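A quick write-up on the structure given underneath.
The values are calculated or read from the model by the stated rules, or taken from the named source; none is laboratory data. Here the structure is a predicted model, which is why all the values come from computation and not from measurement. Methodologically, a virtual Cβ is constructed for each residue, glycine included, from the backbone with ideal geometry; neighbour enumeration extends over all protein chains shown.
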């Protein structure tokens with residue numbers, strides 16, 4: 001299928017498909033497109049099962065839909081998981097992400113400290129203002 005042809009098939013047809021057989025399971029990686037022409041990936045795990053009641057085989061399927069705006073995050077997470085499995089060590093990129101998340105959390109906590117105003121505090125300040133204005137009037 002040429003690039004021009006694949007760009008015209010936007011009715012949930014598969015634009016690309018790859019099957020990976022892994023023991024009793026098969027994984028399907030299918031690229032599809034929405035009506036608006038945005039591409040997404042479906043990952044399907046298919047397992048052959050036997051139904052005791054009917055005496056027939058059937059395929060149990062689980063699908064994951066991954067949209068284009070999430071590709072980079074998914075790819076990063078998958079790479080980090082693979083790296084951990086291969087090396088047994090938590091990847092530095094993951095540690096950096098967790099450190100950044102913690103830093104942002106602490107910043108939000110600091111902001112809350114500065115913006116946490118109690119209504120009683122406002123009332124006291126208004127009372128103090130009133131007292132000082134009364135004092136000025138008395139002095140005049």
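Summary table
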| item | result |
| --- | --- |
| Residues satisfying the stated conditions in the range 76-96, i.e. surrounded by 12 or more Cβ atoms within 10 Å (Cβ to Cβ) and under 30 Å from residue 34 (Cβ atoms) | 76, 77, 79, 80, 81 |
| Number of the exception - residue 29 against (1) at pLDDT 95 or above; (2) out of contact with any helix residue (DSSP H, G or I) (no Cβ under 6 Å at 6 or more places or on another chain); (3) not in a strand (DSSP E or B) | (3) |
| Residue satisfying condition, being surrounded by 10 or more Cβ atoms within 10 Å (Cβ to Cβ) and modelled with pLDDT under 65, within set 73, 129 | 129 |
| Count of the range 50-61 residues which are loosely packed, with under 11 Cβ neighbours inside 10 Å and either at positive phi or within 32 Å of the chain's Cα centre (by Cα) (or both) | 3 |
| Any hit, the range 61-69, residues being closer than 30 Å to residue 30 by Cα and part of a helix (DSSP H, G or I) | yes |
| Boolean, residue 79 is modelled with pLDDT of 90 or more and either over 30 Å from residue 16 (Cα atoms) or touching a strand residue (DSSP E or B) at 6+ places or on another chain (Cβ under 8 Å) (or both) | no |
